[in-house]
Amino acid sequence: MRKFLHSVTLDEEKCKGCTNCIKRCPTQAIRVRDGKARIISERCIDCGECIRVCPHHAKRAVTDGLDMMERFQYTVALPAPTLYGQFNNLADIDFVLTGLLDIGFDDVFEVSRAAEIVSDASRHLIREGKLSTPIISSACPAMVRLIRVKFPGLCDKVLPLVAPMHLAAGMARAEAKEKTGLESDDIGVFFITPCPAKMTDVIQPIGPLRSHVDGVFSIAEIYPRLLEKMNKITSARPLAKSGIIGVSWANSGGEASALIREKYLAADGIENVIEVLEELEDDRLGGLDFIELNACHGGCVGGVLTVENPYVAKARIQQLRKYLPVSLNRLESIPISSLKWKEALEYTGVMRLSDDVQTAMQMMSEITQLEERLPSLDCGSCGAPSCRALAEDIVTGHHARLNDCIFILRQEASVAGIEISTHLETNLEEESK
């Protein structure tokens, strides 16, 4: 199994060990040990929840700096449609695209163009009837990674098509080579992202063997420079080449509705998504053709690297739609085989206790026994997200002890004749009553 990367990192100096992050992580990828949070790399799916809830701003997403553009003779910006929802009173996408040229890019290629082609390819595959339904969207890399980590039985239901970002990058590079006559290495293609999961998907892509994206800039970094340039534009250049279907991918339900089918489900927000996946795993979601899942509330507009409230941004995208054609891009000029994944999606096995079944069963028994000794409060004061997680850490040797639990520690101290009374313990006792 290859090592998994992640783009969410920890600033230890800012971390206060408050345990907020461990309670929100959907894959239990964070522990607090010795007063500092620790991220278990192979479990992190880059959903950004820890960034969202950390009161000390100790979690951050690693993206590329704008100075990376200087390495290339010709640069192309790939704006995610989410970018359009960051600006008030925007009636023309061309103002955003022109602004990107004014801040230093040589060309732009809308990711929404590629989204329309992926939508067309998805409709084609569904009509063929060769995929197991309901088909799960593969557009959100955090969701695909979540399935690989926690839901092995659903890997074969994920739509085996490259995400619009990767398709847009390949198309943009081909267009730039034709326009300029430059070699591929002289052309830099940069995605403007709303979330950290896209950064990881460029370094370690899901589906394609190699991404055509050279760098990833956050919307939060691009926004102030772009806004300054946009305020000075009096006449925008006619650059937009996508319509309602592509731009709507920014919002939850945009991809699913583009399939022009009634039997679909769209869920956003990590808790809601996990509930849907659990129901699907238990075979309780029949009669659906397609399921769209987004880690962030509202869809990509809720990404942690955006600047606008997701619901405001969503409303702006909805308003912008009325100025657009339905769609301007189809599958016709691209063979669908070029969009299909080069490798099948496989379960990562990072949650397995052991590859040996007998050993795993023995460890499971030990974990159950330890869990029975713990108070079942899932308070997080031990540095693990739940009592069971603490038991697992002890059995698997992840730097944990039984007396990391404050209640176990109190029992041991009581036997030794030592009185322990802390503010935290008092609060926890009150909650347990």
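What to note about this one:
- Restricting attention to the range 135-159 and to residues that are surrounded by fewer than 18 Cβ atoms within 10 Å (Cβ to Cβ) and in contact with a Phe, Trp or Tyr (Cβ under 8 Å, 6 or more places away or on another chain), the residue that is farthest from F105 (Cα to Cα) turns out to be P152.
- Inter-residue pairs, beta-carbon under 8 Å, first in contact (Cβ under 8 Å) with a residue 24 or more places away in the chain and assigned by TED's automatic domain parsing to the domain that holds A258 and in the range 294-322, second surrounded by fewer than 16 Cβ atoms within 10 Å (Cβ to Cβ) and of a type outside the set (F, W, Y), 6+ apart: R316/N88; L320/A91
- Of everything in the range 102-117 that is part of a helix (DSSP H, G or I) and β-branched (V, I, T), the residue that is surrounded by the most Cβ atoms within 10 Å (Cβ to Cβ) is V111.
- Whichever residue in the range 383-399 is touching a residue at least 24 places away in the same chain (Cβ under 8 Å) and not in a helix (DSSP H, G or I) and, among such residues, is farthest from R38 (Cα to Cα): S386
- Across the range 391-408, the number of residues qualifying as surrounded by 15 or more Cβ atoms within 10 Å (Cβ to Cβ) and in contact with a Leu (Cβ under 9 Å, 6 or more places away or on another chain) comes to 11.
- Exclusive hit being modelled with pLDDT of 95 or more and surrounded by fewer than 20 Cβ atoms within 10 Å (Cβ to Cβ), set D120, D94: D94
- Filtered by the rule that a residue be outside any helix (DSSP H, G or I) and either surrounded by 14 or more Cβ atoms within 10 Å (Cβ to Cβ) or among the β-branched types (V, I, T) (or both), the range 183-195 gives I187, G188, V189, F190, F191, I192, T193, P194, C195.
- Only listed residue being in the same structural domain as N89 (by TED's automatic domain parsing), surrounded by fewer than 20 Cβ atoms within 10 Å (Cβ to Cβ) and not aliphatic (A, V, I, L, M), chosen from R330, R352: R330
- Count of residues meeting criterion [touching a strand residue (DSSP E or B) at 6+ places or on another chain (Cβ under 6 Å), β-branched (V, I, T) and surrounded by 20 or more Cβ atoms within 10 Å (Cβ to Cβ)] in the range 9-45: 2
- N403 satisfies every condition listed in (1) at pLDDT below 55; (2) of a type outside the set (D, E); (3) closer than 30 Å to V350 by Cβ except (1).
- Applying the condition of being of a type in the set (A, V, I, L, M) and in contact (Cβ under 8 Å) with a residue 40 or more places away in the chain to the range 1-39 and asking which residue is nearest to T306 (Cα to Cα) yields V8.
- Top-ranked residue in the range 308-327 [being crowded, with 17+ Cβ neighbours inside 10 Å and of a type in the set (A, V, I, L, M, F, W, C); ranked as nearest to E175 (Cα to Cα)]: L324
Matching residues to (1) over 18 Å from A169 (Cβ atoms); (2) under 26 Å from the mean Cα position of the chain (by Cα); (3) free of Cβ contacts under 8 Å to residues at least 12 places away in the same chain:
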position	(1), (2), (3)
T75	no, yes, no
P81	no, yes, no
I93	yes, yes, no
T98	yes, no, no
D102	yes, no, no
E110	no, yes, no
A115	no, yes, no
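The values are calculated or read from the model by the stated rules, or taken from the named source; none is laboratory data. Keep in mind the model is a prediction, meaning the values are calculated, not measured. Glycine also receives a Cβ, built like all others from the backbone with ideal geometry; neighbour counts cover every protein chain displayed.
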